[in-house]
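What follows is a single structure, written as structure tokens, with notes after it.
Nothing in this text is a laboratory measurement; each read-out follows from the coordinates by a stated rule. In this text, all values refer to a predicted model and were calculated from it rather than measured experimentally. As a convention, Cβ positions derive from the backbone with ideal geometry for all residues, glycine included, and neighbour counts pool all protein chains shown.
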Amino acid sequence: MKFWCTENPLRDGGDRDSVKSPCLFGSWSLIHLLWGFFLYCILMYKFKKISRGMVVMMVILIHTIYELTDMFFYLGFVGDGLWSNNSPLNSIGDTIVCLGGSLSAMILFKKINKNILKIVGGLTIVMNLFFVMNYCQRTSKQGCGIMNKFIKNK
């Protein structure tokens, strides 16, 4: 068990999280941080009458549902896929980091307006695509599907 994996989605090498060699955090934690930040902003913008604490709880719920997909893989409910070798420890770390993103947004912004939403959303989506495209380009995983087609046509 490691606290931090040095995997870099932009190049080969480094330790990777896996069921046999679990890591709590890794470079992909940045993406979970950004999504926690962005989800908080979306929910605060859309549901203005809900308390900030309730919005953080909603972000945790949404992220936990996402992490359940990893659990289905390592519990054997679903076959191999793009992210099928993530450890349960990493799911916990990803959720902690997502919570950190939400709390950061809560501290940073008293009110969320459309401009903040556009900037945070744009940054989150661009970074997510950047990580996934580089990961798919390095690994040529079948689960990358349309990303592999896009990368090959470049």
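Here the label points at Lys2 and Val126, each 7 Å from Cα along the C-beta direction, are separated by 3.0 nm in the simple model. Highest mean packing first, where packing is the average number of other Cβ atoms within 10 Å per residue, the peptides 95-103, 17-25 line up as 95-103, 17-25. Ordering of 32-43, 50-61 by packing is 32-43, 50-61, highest average first (other Cβ atoms within 10 Å, averaged per residue).
Non-local amide H neighbours of Lys2 (under 5 Å, H modeled in plane, Pro and chain starts lacking H): which ones? For Lys2, whose amide H was placed from the backbone, the distant partners under 5 Å are Cys23, Leu24.
Using 1/(1 + (r/R0)^6) with R0 = 22 angstrom and r between the beta carbons of Tyr66 and Leu108, what's the FRET efficiency to the nearest 0.05? Present the calculation step by step, with values, prior to reporting the outcome.
Values: r = 23 Å, r/R0 = 1.05.
For Tyr66 and Leu108, the calculated efficiency is 0.45.
With both labels modelled 7 Å from their Cα along Cα-to-Cβ, the Lys20 to Phe47 distance reads 4.3 nm.
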